[in-house]
Amino acid sequence: MAFAAFATAEAQPQAPRRRSPIALFLLLPGIAYLVLFFLTPLVSLLLTSLQQPSEFGDIGVYEFAFNWQNYVAVIEAYWPHILRSFGYALAATVFALLFSYPLAYFIGVKARRWPLLQSLMLVLVIAPFFISFLLRTLAWKQILSDESFIITSLKALSLLAPDAHFAGTPFAVIFGLTYNFIPFMTLPLYTALERLDTRYLEAGSDLYANPFTVFRKVTIPLSMPGIVAGTLLTFIPAAGDYINASRDFLGGPDTQMMGNVIEANFLVLLNYPAAAALSIILMAVILVLVGVYVKRSGTEDLL
């Protein structure tokens, strides 16, 4: 009888639990922050992208209108910059992954037996954050300039043509992006690999798999969350970067990215609708690419 009564009680549907008003009240500051600092600027940017020049206003004076042709105009005018931005970001992400994965694997797996060395290497990975992004990029501009010791030595060894330049080229921009965003790739990879159970690797070897097969079939799948997180943390800011590609740093006239165009339209040309439209396009394309990438990699739970 007691068991039947217990089973009946378990079978009865329970009433849905009501949310505590205190919990909802505690969410209000976070919701207000998102509305004030994310949703409001986004709506303002969207409305700005639809504006048109005022008929009787000065330069830089616009009025609201549903001028969706702004998007067509900026795509026609700046499509090379759009393709260049995502091409540079993709190249920098791939190079950062190639450099960061062995480093993160050594720190997270091989250096486990030496905690002091592991901590020291983590500090070295984070150390670039102690210096301003601008200063680091400016330092590389001096290192890669035509008068620097490295470039003059390469020319003296005939590894570079006498009239060759490295600064102001796409290679310099991709190099700068890769260098500046390597910590964003390394840290998520380290987090995933540090939790890797090495017994799985030993089991793969016991089943007569060669090291490459173990790496491809065991290590890569188990570290996939770190790979996805690292690529997103690298690709997204790299696509909108405007420092490395600037002519004041590592870029040149033919290396301008979307960030540089947006900056010029906002601050120099005072073409606010074009700059806002480019910003919306940048965000939309990144969202689509990120969604497809996460879906194909099977890590939707990261979003």
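The values are calculated or read from the model by the stated rules, or taken from the named source; none is laboratory data. Just so you know, these numbers come straight off a predicted model, no measurement behind them. Virtual Cβ from ideal backbone geometry, glycine too; neighbours counted across all protein chains shown. Accessible surface areas use protein heavy atoms only, side chains included; no ligands, DNA or RNA. Shrake-Rupley method; radii C 1.70, N 1.55, O 1.52, S 1.80 Å.
Tabulated data
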| item | result |
| --- | --- |
| All positions within region 206-251 that are under 25 Å from the mean Cα position of the chain (by Cα), part of a loop (DSSP other than H, G, I, E, B) and of a type in the set (Gly, Ala, Ser) | 223, 240, 245, 246, 251 |
| Hits in region 154-172 - residues which are surrounded by fewer than 14 Cβ atoms within 10 Å (Cβ to Cβ) and either under 27 Å from residue 89 (Cβ atoms) or touching a Gly at 6+ places or on another chain (Cβ under 6 Å) (or both) | 164 |
| Selection count where residues are β-branched (Val, Ile, Thr), open to solvent by 20 Å² or more (accessible area, probe 1.4 Å) and in contact (Cβ under 8 Å) with a residue 40 or more places away in the chain, scope region 79-108 | 1 |
| Meets criteria (of a type in the set (Ser, Thr, Tyr), modelled with pLDDT under 90 and on the phi > 0 side of the Ramachandran plot) for residue 158 | yes |
| Qualifying residue in region 173-192 (condition: in contact with a Pro (Cβ under 7 Å, 6 or more places away or on another chain), open to solvent by less than 80 Å² (accessible area, probe 1.4 Å), in a helix (DSSP H, G or I) and of a type in the set (Gly, Ala, Ser)) | yes |
